[in-house]
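Let me begin by presenting the structure, written as structure tokens, before commenting on it.
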Amino acid sequence: MNSPDKITVRKYLLGFLPEDESNAIEEKLFSEESFLALIEQVEDEIIDEYLEDSLSAADKQAVEDHFMEPAERREKLRFAGTLRSHIQQKKKQNLSFERGWHAIKPVYFYAVSAIAVALFAVSIGLVMNNLRLQRKLDSETAREQTMQAALNQQLREAQLQNEQLQNEQHRRILHVSGHRPEKQGEPVYLVVNLKPIQPRGIESATRLKLDAKTRGLEVRLPLVDAPFHSYQAVLRSANGKELAAVAKVTPANAGELSFRIPYPKLEAGNYVLVLVGGDSSGKPLATSSKTYYITLEK
Amino acid sequence: MKTEWMLTSEALDRLLLWLSPDRDQAGARYVEIRRRLIKFFVCRRCSIPEELADRTFDRVMQAIETQTIRCPEQPLRYFFGVAKKIHLEFGREKTTLPKEALPLPGNRTEPEFRCLEKCLGQLTEQERSLISRYYEHDGHEKIVNRQSQAEEFGLDMNALRIRVFRIKKILRECHSKCMAKNDLIKIQSQ
């Protein structure tokens with residue numbers, strides 16, 4: 001027997017070989033380098049098959065009666081059994097863990113997905129809201145700047161109006177204290193600034209200095225009540241004689257009544273100015289009369 | 001046959017010199033021959049294979065000392081002849097021991113699993129994976145799994161079995177040492 005194969009070695013180990021063939025195997029054990037390893041390998045395979053219960057009935061009987069007699073092989077069997085049960089136990093643990101994981105995986109997966117989607121939606125919402133607020137802030141800033149510019153413009157206009165008003169007041173002061181500044185070839189009118197609520201009687205008369213060049217009165221009266229459509233003004237002497245009159249005097253936009261009564265024969269003395277409110281056609285209304293007293297002095 | 005001969009360091013030196021003039025090589029050959037002798041006695045179902053292997057060595061050393069060796073160029077063949085004689089002598093003195101029950105797979109102790117876990121931990125990742133996959137299935141599933149495993153590693157089935165055998169051998173030696181250490185600790189603590 002030149003090179004006994006595994007089957008022969010297996011038969012030898014199970015005690016199925018006749019004595020002469022067994023001797024040949026044993027001789028190989030002492031003459032071939034790799035033969036010991038082959039015997040040990042076949043021993044392991046027999047043990048594995050025994051543990052797997054895959055041996056034929058005859059082989060199994062031979063293992064139990066013959067093969068397992070030496071303590072060394074029993075130790076091998078014990079170790080192989082320990083290794084196998086350890087590995088299979090680990091496998092079962094891994095499987096049960098995997099099954100457990102697979103069981104909880106869908107729930108876990110959906111929960112995590114739902115949380116992720118919710119977080120994403122919240123993030124998108126926050127970003128959108130932030131953008132909206134930013135746009136609103138930009139628009140408010142622009143509007144504020146526009147309003148600021150408008151206010152500045154109004155302020156400038158108000159300052160301008162104020163300056164104009166101050167100029168006008170200054171001019172009026174000049175008029176009250178004397179005559180309107182005379183322009184070349186223009187008749188001189190004495191400016192009479194009346195107060196809206198005039199006390200009754202000649203004692204409360206508006207006193208003015210009469211100039212030789214005066215050719216009439218320029219009456220100015222702020223209107224505090226609701227103004228009439230038109231007014232009729234009549235200048236009378238102290239004894240009630242009508243000296244001059246103007247009709248259909250309409251109030252200016254600023255709520256001031258301003259009109260001229262030409263009367264070149266003005267002299268020093270007491271005068272009565274009667275103002276009667278009228279309708280849009282100029283027709284006087286009986287209940288709308290007001291009387292103002294004016295004293296002209298030299 | 002009872003031997004009166006006693007082992008001496010000179011006898012051992014002579015044996016080693018006979019095995020090889022190089023001391024290290026002689027040591028390695030001594031170990032190798034002893035393994036084969038043990039296997040021979042195991043295969044002949046002897047209950048004390050290590051002791052019979054030592055008896056064989058003693059007999060060979062005696063022969064060297066008395067210069068009765070017939071084929072000095074073939075030490076292994078000589079050992080085989082001596083081993084067969086020792087076996088015959090042992091057969092005559094052999095007493096039949098009561099048959100022990102085989103160890104059941106489910107009947108394992110905690111230290112055995114602990115030692116195995118430790119020894120598995122000393123393997124490389126590839127070795128651990130290979131042996132775990134090799135033994136994790138039974139029946140038809142086992143055959144399919146081993147075939148796919150062999151394909152995966154680019155081996156034929158026999159080469160895969162040899163690899164598993166080698167890994168298992170390393171594990172078994174490690175496990176045996178670990179268990180012996182555990183037993184020693186147990187004895188010391190008693």
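Among the residues of segment A:27-68, write down those that are small (Gly, Ala, Ser) and more than 9 Å from every other protein chain (Cβ to nearest Cβ).
Looking only at segment A:27-68, we keep the residues that are small (Gly, Ala, Ser), and these are A:31, A:34, A:37, A:54, A:56-58, A:62.
Residues satisfying the conditions are A:SER34, A:SER56, A:ALA57, A:ALA58, A:ALA62.
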Consider A:LYS265 against the criteria (1) among the charged types (D, E, K, R); (2) outside any strand (DSSP E or B); (3) modelled with pLDDT under 85: it satisfies all of them except one. Which criterion is unmet?
(3)
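Just to be sure before I move on: is B:ARG77 more than 29 Å from B:LYS186 (Cβ to Cβ) and part of a helix (DSSP H, G or I) in the structure I sent?
For B:ARG77, the condition - more than 29 Å from B:LYS186 (Cβ to Cβ) and part of a helix (DSSP H, G or I) - is met.
Can you tell me which of B:SER132, B:SER176 is at pLDDT 90 or above, assigned to a helix (DSSP H, G or I) and over 18 Å from A:GLU75 (Cβ atoms)? First the steps, then the outcome.
Details: B:SER176 fails: over 18 Å from A:GLU75 (Cβ atoms).
One residue alone meets the criteria, B:SER132.
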Suppose the filter is in contact with a strand residue (DSSP E or B) (Cβ under 9 Å, 6 or more places away or on another chain), of a type outside the set (A, V, I, L, M, F, W, C) and buried (at least 19 other Cβ atoms within 10 Å of the Cβ); does A:SER230 pass it?
yes
Matching entry among A:ALA226, A:ALA268, A:ALA247, A:ALA233 (being small (Gly, Ala, Ser) and more than 18 Å from A:SER289 (Cβ to Cβ))
A:ALA268
Which condition breaks for B:LEU123 when tested against (1) assigned to a helix (DSSP H, G or I); (2) modelled with pLDDT of 90 or more?
(1)
So which of B:GLU136, B:GLU141, B:GLU110, B:GLU151 ends up being over 24 Å from A:ILE39 (Cα atoms) and facing chain A (nearest Cβ under 9 Å)?
B:GLU136
Failed item in (1) at pLDDT 90 or above; (2) more than 9 Å from every other protein chain (Cβ to nearest Cβ), with B:THR96 passing the rest:
(1)
Filtering segment B:19-36 down to residues that are more than 16 Å from B:PHE80 (Cα to Cα) and touching a residue at least 40 places away in the same chain (Cβ under 8 Å) yields none
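The values are calculated or read from the model by the stated rules, or taken from the named source; none is laboratory data. On a predicted model such as this, the values are computed, not experimentally measured, just so you know. Quick reminder, even Gly has a Cβ in these numbers, built from the backbone with ideal geometry, and neighbours come from all protein chains shown.
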